[in-house]
Amino acid sequence: MDQKTPPTSISGARDDNTGRLVPMSAPVQPKLSTLRQVRKEMAALYHAAQRGDISAEELRGSIYALSQIAKLIEIDKLEERMEVLEKMATAGERAH
């Protein structure tokens, strides 16, 4: 089985017995603090699965985890916006 280019978060070599990727000493950890970064990682994993670098099961688990991270990013942004609106409302009440 020939070695293919892994996505940003997966680095390693193929195990000769199982064909699975075995992580090298320090795999590259993708930054996942924005929805764009999460989307790019999802796409990289999808392409890795298409190439056969990861199994459909590994893809499913990773996509689920990334979906949860994306939801938390969205919630965090909503909380930040709510805080701004609450401060604006409080400042408006003090002005009257």
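Bear in mind these aren't lab numbers, they're just calculated from the coordinates by the rules spelled out. Since this is a predicted model, take the numbers as computed values, not measurements. All Cβ positions, even for glycine, are placed from backbone atoms using ideal geometry, and neighbour counts span all protein chains on display.
Please give the peptides 73-83, 45-55, 31-41 ranked by average Cβ packing (other Cβ atoms within 10 Å per residue), highest first, as a rough proxy for protection.
Working: 73-83: 11.0, 45-55: 17.1, 31-41: 14.8.
Listed from highest to lowest mean packing, they are 45-55, 31-41, 73-83.
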Cα convex hull of the range 12-95: mean projected area in nm², to one decimal?
-> 7.1 nm²
